[in-house]
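Report on the structure given below.
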Amino acid sequence: MATESPLSTFGAGKVILLGEHSVVYGHPALCGPLSYGVRARGVPAKKCQLSLPATLSRAQRSLLTGAFARAAKLVGEPAVKVTLDPELPLSVGLGSSAALSVACARLLLRAAGQEPSPKEAARLAWAMEQEFHGTPSGVDHTTSAHERLLLYRRAPGAASVGKGRTVDSPKPLKVVVALAGERSPTKVTVSALRARQARWPERYQRLFAQIGRLSMEGAKAVEAGDLEALGDAMNVNQGLLSALGLSSPPLEEMVYRLRGLGALGAKLTGAGGDGGAVVGLFVEPESVVTQLTRLGVRCFSSQLAGPRAS
Ligand code: PMV
């Protein structure tokens with residue numbers, strides 16, 4: 001008897017090059033997909049279910065199960081048992097929850113007999129992301145579902161997800177992602193910033209608007225193949241994130257380390273806070289990863305856009 005091959009789908013992680021946080025307030029962000037992400041596997045089962053490792057806490061299990069159930073319901077609960085295989089560091093700003101949501105969305109759609117288009121996968125993943133984050137901007141799962149470098153924007157408070165425009169790069173766009181310690185959950189950092197901006201709205205809106213302009217300038221720089229201009233926008237963005245109270249000594253130290261190793265630009269990526277991930281733009285990232293790894297830094301390189309060596 002022929003054995004049925006299990007379904008297998010992938011959701012990419014993401015790295016925000018410019019515009020995190022201000023994207024929550026309606027300004028554009030420039031965000032690219034990582035080559036690492038989360039893989040979902042499915043086998044036929046009596047009912048639609050998510051199988052989770054026993055190592056997860058009760059709270060984590062109920063969050064994941066709830067998000068999965070929400071998406072499953074939207075596609076008629078196909079009879080499949082899903083397991084997850086993350087190949088991405090979790091909860092550090094690399095979009096692991098969006099990657100997981102996109103992988104699950106694609107798998108559920110396939111199990112329901114539909115070929116998942118990026119748009120359909122994004123729609124279903126959005127339902128899961130809302131469960132995870134409350135009020136996400138949608139930049140993470142949109143980038144993950146489309147697997148393209150996007151200039152993404154969503155009107156604040158809009159009922160639906162925002163829109164991403166593909167940004168083409170004539171040059172390979174390569175980054176090093178390095179981890180700088182543990183951090184608080186995105187929700188905590190986002191709501192602390194919301195409280196500050198509610199108290200001093202004009203001052204904070206000014207900074208958000210400046211960051212939004214950097215994202216647009218960065219997208220233009222990418223399209224023009226001007227990596228130095230993109231790097232400079234990233235450095236200025238880091239200064240503004242620090243002004244918004246989103247950086248910290250471990251993040252700053254890693255930013256300066258990457259700049260010292262020749263990054264064209266380096267900044268925190270994702271929600272930031274007391275730690276998390278830092279992204280550096282490099283023409284040749286491989287030797288940097290070797291050097292940092294030797295020094296005990298958890299890091300990897302990835303190409304976000306542009307022509308790939310065959
Ligand atoms: O740290 P992450 O991967 O959760 O990134 C969140 C990006 C924010 O702009 C801070 C929040 C959002 O919803 O866009």
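The values are calculated or read from the model by the stated rules, or taken from the named source; none is laboratory data. Predicted model, so just to flag it, every value in this text is computed and none were measured. With ideal geometry, Cβ positions are generated from the backbone for all residues, glycine too; neighbour counts draw on all protein chains shown. Side chains included, ligands, DNA and RNA excluded: accessible areas come from the protein's heavy atoms. Shrake-Rupley method; radii C 1.70, N 1.55, O 1.52, S 1.80 Å.
Computed values, structure above
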| item | result |
| --- | --- |
| Percent accessible area from carbon and sulfur atoms, the chain, protein chains only, probe 1.4 Å | 53 percent |
| Per residue accessible area in Å² of the chain, where ligands, DNA and RNA are left out and the probe is 1.4 Å | 46 Å² |
| Relative contact order of the stretch 1-80, defined on C-alpha pairs under 8 angstrom at six or more residues apart (%) | 30 percent |
| MRE, 222 nm, helices only [DSSP H, n ≥ 4, -39500 (n - 2.57), over the chain, to nearest 500] | -14000 deg cm²/dmol |
| Mean Cα-pair separation over length for the chain, i.e. relative contact order, pairs under 8 Å, 6 or more apart, % | 23 percent |
| Residue pairs, from the table K47/K187; K14/K187; K81/K163; K119/K267, whose Cα atoms sit over 24 Å apart | K47/K187; K81/K163; K119/K267 |
| Spatial separation of Cα centroids for the stretch 213-240 and the stretch 52-123, in angstrom | 33 Å |
| Within the chain, longest stretch free of exposed trypsin sites (Lys or Arg not before Pro) [DSSP loop, at most 16 other beta carbons within 10 Å] | 48-297 |
| Average Cα contact separation per residue, the stretch 89-176, under 8 Å, 6 or more apart, as relative contact order % | 23 percent |
| Heavy atoms of D232 accessible to a 1.4 Å probe, total area in Å² rounded to 10 | 90 Å² |
